[in-house]
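This report refers to the structure that appears directly beneath it.
The values are calculated or read from the model by the stated rules, or taken from the named source; none is laboratory data. Fair warning: this is a prediction, and the values are worked out from it, not measured in the lab. Using ideal geometry, Cβ is built from the backbone for each residue, glycine included, and neighbour counts are taken over all protein chains shown.
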């Protein structure tokens, strides 16, 4: 009996220990964000005070207005939204179409082309950057909105990911549709596409996360302030006004807000979408 | 007859449906791949004036100490970031997989850095790390630990940057590992319980071996992204910082050569080197995986 009590206590101690570790981890994960939000409402001198003040004495919302004086921030926001939306939409269409063809149609050279495409996945993305830049430069698109999304409309990864989903659908679906005289495009768009929704969600989330947050590409192709994305805009803000911490933190808050809101709304899809990428085959 | 008509239509739809993606990949990925190799044998200066340079870019690379230092830094980033990220994300995943209350809340909170922009996160950390007004020095000071210049001291800046990368990576990889762990059949654990195995034994003999395929996936993606560390360094270290040479990664050095110094030919040669290294590492990993990854 004593042994049983001991064991129960042991369980309790382990459980408490687990909670302590997990909560400590959460604090480390979350507190930089809290500090960012709080700093964005402080005055400059308050932000730099030692010992630090946790809460601002007054909530200075005008810090946020100041960002818009320093940068065409509304325009930058718009650029980021457009670029991300176009990238996600294009990848969903182009990748799902080619994924269907690679997964469900037999045509000459299919495997060779698919393997060639997979080789793109193995190559570090920075390897393509400079020639991509030279192409955009040559067609005269530097410092334009299309420059932000052009190379990212196409994806080997997205095709690979969605192909797994198309392959796993049963053949009977297709056979029945073909007897009814449907062509491949109809089978793809009317029957199969709705069935691979989890795959599409996963690709949409990964692509959105990438294009919203990407830094190097927008930094390279668009240098004028009204054609930047948020990442590049933040880097510009920090470079030009390095001591105005409250405004910089405000800019950072505004930049991460849209994805945080989307995440709050679609937690399950975000988490499952990311988790899916690890369970291949 | 119908058979051959079907084949023809298959052929048409096949090519038709892969065309948009493959043409795009051709222009923006396949062509750049060969173009980059080609460029590495040329001098490409301002206004893209191009001149045959033979192997001179590669020769220059061999004698370029900054280049070697950035390569060394890159290996340091990989060796610090990858193991810490893997161990911490596995730890969090395993702990969350025990019957903790509020598992979904924890998952959401840990995941937040994974969806936030590196630029924004780096700005905040830069502020936390600030030598004069940063809260990190203040907190450490409460425990009697002396202040440091986290980002301008060349000896420690690389570690400060790595810590931010680890902090960003744990949530993302934890989600993937947790899914892997949850995919392990409960019957293994039941059998082990009947045999009287404790939690540590179960972890060592069930969870760890069966999660190795997921672990391998996570390791591969973390390795490749650590090799290409750029955003955090770019945002936290100014181009005139005394810590630049001791924190600069190969990708940052590539970027500076291509777009700041306008030495695009030389930058292409650096990109080639990075490509070869990542290929070698990938090949080595594929070979080693047979030794430790358990495909049941």
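Can we say residue B:167 is assigned by TED's automatic domain parsing to the domain that holds residue B:119, at pLDDT 90 or above and part of a loop (DSSP other than H, G, I, E, B)? Judged against the criteria, residue B:167 is not a match. Among the residues making up the range A:136-186, a single one is more than 26 Å from the chain's Cα centre (by Cα), facing chain B (nearest Cβ under 10 Å) and in contact (Cβ under 8 Å) with a residue 40 or more places away in the chain: A:184.
Any residue in the range A:247-275 that is at positive phi sitting within a Cβ distance under 8 Å of a residue that is buried (at least 22 other Cβ atoms within 10 Å of the Cβ)? List the pairs, counting only those 6 or more apart or interchain. Close Cβ pairs (under 8 Å, with a partner that is buried (at least 22 other Cβ atoms within 10 Å of the Cβ)) do not exist here. Being more than 7 Å from chain A (Cβ to nearest Cβ), over 20 Å from residue B:250 (Cα atoms) and either in contact with a helix residue (DSSP H, G or I) (Cβ under 7 Å, 6 or more places away or on another chain) or surrounded by 15 or more Cβ atoms within 10 Å (Cβ to Cβ) (or both) holds for only one residue in B:25, B:90, and it is B:90. Annotation: residue A:36 fulfils all but one of (1) assigned to a helix (DSSP H, G or I); (2) free of Cβ contacts under 8 Å to residues at least 40 places away in the same chain; (3) surrounded by 12 or more Cβ atoms within 10 Å (Cβ to Cβ); the unmet one is (2). Taking the range A:208-221 as the range and being in contact with a helix residue (DSSP H, G or I) (Cβ under 6 Å, 6 or more places away or on another chain) and not in a helix (DSSP H, G or I) as the test, only A:215 passes. What residue, of B:264, B:290, is more than 19 Å from residue A:123 (Cα to Cα) and touching a strand residue (DSSP E or B) at 6+ places or on another chain (Cβ under 7 Å)? None of the others qualify; the one that does is B:264.
Taken over the range A:162-192, the residue count meeting the criterion of being buried (at least 22 other Cβ atoms within 10 Å of the Cβ) and more than 22 Å from residue B:7 (Cβ to Cβ) is 2.
Here B:266, B:255, B:189 are screened, and the one residue that is free of Cβ contacts under 8 Å to residues at least 24 places away in the same chain and part of a helix (DSSP H, G or I) is B:189.
Within the range A:237-281, the set of residues being in a helix (DSSP H, G or I), more than 10 Å from chain B (Cβ to nearest Cβ) and crowded, with 17+ Cβ neighbours inside 10 Å comprises A:246, A:247, A:250, A:269. Taking the numbered list (1) farther than 28 Å from residue B:174 by Cα; (2) in a loop (DSSP other than H, G, I, E, B) in turn, residue B:69 passes all entries but (2). From the list B:31, B:42, B:15, B:38, the lone residue that is within 13 Å of another protein chain (Cβ to nearest Cβ), in contact with a strand residue (DSSP E or B) (Cβ under 9 Å, 6 or more places away or on another chain) and either over 30 Å from residue A:160 (Cβ atoms) or surrounded by fewer than 19 Cβ atoms within 10 Å (Cβ to Cβ) (or both) is B:42.
Look at (1) surrounded by fewer than 15 Cβ atoms within 10 Å (Cβ to Cβ); (2) within 16 Å of residue B:79 (Cα to Cα); (3) facing another protein chain (nearest Cβ under 9 Å) and you find that residue B:170 fails only one, number (1).
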